[in-house]
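The values are calculated or read from the model by the stated rules, or taken from the named source; none is laboratory data. Just so you know, these numbers come straight off a predicted model, no measurement behind them. Please note: Cβ atoms are built from the backbone with ideal geometry, for glycine as well, and neighbour counts cover all protein chains shown.
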There are 2 protein chains.
Amino acid sequence: MKLTILGCYAATPRTLTNPTSQVLEIKNRLFLIDCGEGTQVQLRKNKIKFSKINHIFISHLHGDHLYGLIGTISTFSLLGRTTDLHIYGPKGIKELILLQLKLTESWTTYNLFFHELESKESEVIFEDNRVIVKTIPLKHRVYTNGYLFQEKPGERKLNVEAAQHYNIHTAYYQKIKNGGNVKLDDGTVIENEKLSFDPIPAMSYAFCSDTVYNEDVIPIIENADILYHESTFLESEAPLAQKTLHSTAKEAARIALKANVKHLVLGHYSTRYDGIERFKEEAEEIFPNVILGDDGLSFEF
Amino acid sequence: MKLTILGCYAATPRTLTNPTSQVLEIKNRLFLIDCGEGTQVQLRKNKIKFSKINHIFISHLHGDHLYGLIGTISTFSLLGRTTDLHIYGPKGIKELILLQLKLTESWTTYNLFFHELESKESEVIFEDNRVIVKTIPLKHRVYTNGYLFQEKPGERKLNVEAAQHYNIHTAYYQKIKNGGNVKLDDGTVIENEKLSFDPIPAMSYAFCSDTVYNEDVIPIIENADILYHESTFLESEAPLAQKTLHSTAKEAARIALKANVKHLVLGHYSTRYDGIERFKEEAEEIFPNVILGDDGLSFEF
């Protein structure tokens, strides 16, 4: 997987910082997560191919996660896109986009599919042969979901030496890769573990923004490789975080610790602070593996 | 008057260019004209005070003139604005903004007044003691208006020497400034022109975008000091301009010439061209006083 953070600051776009948007690449598929104003320009700056984005996930209908969506949809049309585009987000998103397209008299050159979400329970909203995406219900001022992206485990790796040792015909190799045991001519059953190695571990990425500190997410995101968790405020503003249903850097770290994730990425910083280094320092008091998210940051895992 | 061009490129925001938006300052009032995506960031970059903008004029409901409006309105709220904001634009703009505010559950901290336009005739839509604003009906693919901003003429300037020569009492001075004649004690009437000078000429600015070449605008914008006229295409794309109801640089110049304006500002350039210098060259073949509009350009007149 490869994560590119296009924007990770709260509230309003500014000269040097951008509202929330991210691109997650999994096995050559690009998933766009949230779409604050200016996202299409950030996509250009980060040299992300518009045509490879087929799925857009919107966490909630606040402007700093949403206001770039209609422009992105329109630009896709201006570029002559023909591939289907799927949009996942809270109920209302379809009405909002369709009204804008209607008033601008600018229909899309491609099919636009809306997947409106209303459930308060985690649910699978996308699945293909390689990736599965689930919602992570969050607690914010409006209906909000985070998203969990999981690679499906690949095939097991054949232990050729072992297979040859048992004199197994190559016709059985695919069965072994699929996890099956093999029965020899003499009736002996060879367990799969003796004939194959574990597959490359399937990676997972959990996006949690915006949300107050909420332990309900832990069973859903448990053991994720990367957790992006909003940290709008520092500890000094903890009461404000509680009031506005946002989290502090320490609270993000507490969730990361309890969910046993490998790495925590911070973001959604309030623009009231002069720098963001302090967010990392505060989170690291709780959890060791902290990555300070920032606009333009991109990394593979 | 002072014009600041925040963006003057067609279609989509890009890394280095912005869709249409301008700020016109007249006697300490700021008028925002059109509001493409990213306008609020351009306002910041150009150090324009958000709090001084009380009137926003939207020409038409195409994205590159509109998609920054909801973000601008929302940011005004986040900054705690309390002053009334007036929005002028085609019918539908109110429904569009209100639906977005409803879905984001983010009401404004200030009163928002919508002035929806439907007329196909030029009409006065704003007037105070110093400025008058009229619509300029344009021909484009959707209902579109340009806007004519006119300063009201100031008082005439007293010719103190002449007034003293005729021994006129200072009590009459205001009457003279207002354009009145003065009757002396002996019954002689002194004409105002002998007692005063013409006021500083009232300036006018005409904004015409987007539109096909349309001579109907000429009587409305005649003698304007500055005409901003869209020039989406060069002469080589004249058929495309006709088809998409846009203008070429030469057509913009032809309107400027026929309307006898003092200066023509070009803009709304298609992003298909590598540079914009050629627009000026082509327009100057028709009309001499051409200013090549560009993002960040600001000038007083």
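Only one of these is farther than 22 Å from A:GLU300 by Cα and either hydroxyl-bearing (Ser, Thr, Tyr) or under 18 Å from the mean Cα position of the chain (by Cα) (or both): A:ILE58, A:ILE53, A:ILE26. Name it. If you could, list the steps in order and put the result at the bottom.
On the way: A:ILE53 fails: farther than 22 Å from A:GLU300 by Cα; A:ILE26 fails: farther than 22 Å from A:GLU300 by Cα.
The conditions single out A:ILE58.
Suppose we filter the range A:88-119 for residues that are more than 8 Å from every other protein chain (Cβ to nearest Cβ) and assigned to a loop (DSSP other than H, G, I, E, B); how many remain?
8
Tell me which residues, restricted to the range B:186-202, are outside any strand (DSSP E or B), of a type in the set (A, V, I, L, M) and surrounded by fewer than 17 Cβ atoms within 10 Å (Cβ to Cβ).
Going residue by residue through the range B:186-202, those that are outside any strand (DSSP E or B) are B:186-188, B:191-195, B:198-202.
Checking which are of a type in the set (A, V, I, L, M) leaves us with B:195, B:200, B:202.
B:ILE200, B:ALA202 - these are the residues of the range B:186-202 that are outside any strand (DSSP E or B), of a type in the set (A, V, I, L, M) and surrounded by fewer than 17 Cβ atoms within 10 Å (Cβ to Cβ).
Need a quick list: strands (runs of 3 or more DSSP E) entirely within the range B:206-301 having at least 1 residues that are exposed (fewer than 15 other Cβ atoms within 10 Å of the Cβ).
Values: elements: B:226-230, B:263-267, B:290-292, B:298-300.
Ranges flagged: B:298-300.
Quick check on A:THR75: is it within 14 Å of chain B (Cβ to nearest Cβ), crowded, with 17+ Cβ neighbours inside 10 Å and among the polar types (S, T, N, Q)?
Values: within 14 Å of chain B (Cβ to nearest Cβ): yes; crowded, with 17+ Cβ neighbours inside 10 Å: yes; among the polar types (S, T, N, Q): yes.
So A:THR75 fits the description; yes.
Would you point out which residue out of A:ALA162, A:ALA171 is farther than 30 Å from A:LYS243 by Cβ, surrounded by 13 or more Cβ atoms within 10 Å (Cβ to Cβ), among the aliphatic types (A, V, I, L, M) and over 32 Å from the mean Cα position of the chain (by Cα)?
That would be A:ALA162, the only listed residue that is farther than 30 Å from A:LYS243 by Cβ, surrounded by 13 or more Cβ atoms within 10 Å (Cβ to Cβ), among the aliphatic types (A, V, I, L, M) and over 32 Å from the mean Cα position of the chain (by Cα).
Would you mind stating whether B:VAL131 is under 15 Å from the mean Cα position of the chain (by Cα), surrounded by 13 or more Cβ atoms within 10 Å (Cβ to Cβ) and more than 20 Å from A:LEU101 (Cα to Cα)?
Against the criterion (under 15 Å from the mean Cα position of the chain (by Cα), surrounded by 13 or more Cβ atoms within 10 Å (Cβ to Cβ) and more than 20 Å from A:LEU101 (Cα to Cα)), B:VAL131 qualifies.
Select, from B:ARG81, B:ARG29, B:ARG44, the only residue that is in contact (Cβ under 8 Å) with a residue 60 or more places away in the chain and more than 15 Å from B:PHE207 (Cβ to Cβ).
B:ARG29
Look through A:LYS152, A:LYS120, A:LYS139 and report the one residue that is of a type outside the set (A, V, I, L, M) and touching a residue at least 60 places away in the same chain (Cβ under 8 Å). Please lay out each step first, then the result.
Values: A:LYS152 fails: touching a residue at least 60 places away in the same chain (Cβ under 8 Å); A:LYS120 fails: touching a residue at least 60 places away in the same chain (Cβ under 8 Å).
From the options A:LYS152, A:LYS120, A:LYS139, the qualifying one is A:LYS139.
Considering only residues that are out of contact with any His (no Cβ under 7 Å at 6 or more places or on another chain) and charged (D, E, K, R), which ones fall in the range B:34-55?
B:GLU37, B:ARG44, B:LYS45, B:LYS47, B:LYS49, B:LYS52
Scanning the range B:18-48 for residues that are assigned to a loop (DSSP other than H, G, I, E, B) and at pLDDT below 95, which turns out nearest to the other protein chains (Cβ to nearest Cβ)? Full working, then the answer.
Within the range B:18-48, the subset assigned to a loop (DSSP other than H, G, I, E, B) is B:18-20, B:27-28, B:34-38, B:46-48.
Narrowing further to those that are at pLDDT below 95: B:27-28.
On the way: B:LYS27: 28, B:ASN28: 25 Å.
Applying the filter and picking the extreme gives B:ASN28.
List, please: which pairs have Cβ atoms under 8 Å, are six or more places apart or on different chains, and start with a residue in the range B:256-273 that is in contact (Cβ under 8 Å) with a residue 40 or more places away in the chain and not assigned by TED's automatic domain parsing to the domain that holds B:PHE233 and end with one that is surrounded by 15 or more Cβ atoms within 10 Å (Cβ to Cβ) and outside any loop (DSSP other than H, G, I, E, B)?
That search, which allows pairs on different chains as well, returns nothing.
Kindly indicate the residue of the range A:49-63 that is assigned to a loop (DSSP other than H, G, I, E, B) and within 14 Å of chain B (Cβ to nearest Cβ) and also nearest to B:GLY38 (Cα to Cα) among those meeting that condition. So that I can check it myself, show each step before the final result.
Filtering the range A:49-63 for residues assigned to a loop (DSSP other than H, G, I, E, B) gives A:49, A:58-62.
When the remaining residues are screened for being within 14 Å of chain B (Cβ to nearest Cβ), the result is A:58-62.
Numbers: A:ILE58: 20, A:SER59: 21, A:HIS60: 21, A:LEU61: 19, A:HIS62: 17 Å.
Only one residue fits best here, namely A:HIS62.
Return yes or no: is A:GLY7 within 7 Å of chain B (Cβ to nearest Cβ), touching a strand residue (DSSP E or B) at 6+ places or on another chain (Cβ under 9 Å) and crowded, with 17+ Cβ neighbours inside 10 Å? Outline the logic, then answer.
Numbers: within 7 Å of chain B (Cβ to nearest Cβ): no; touching a strand residue (DSSP E or B) at 6+ places or on another chain (Cβ under 9 Å): yes; crowded, with 17+ Cβ neighbours inside 10 Å: yes.
Judged against the criteria, A:GLY7 is not a match.
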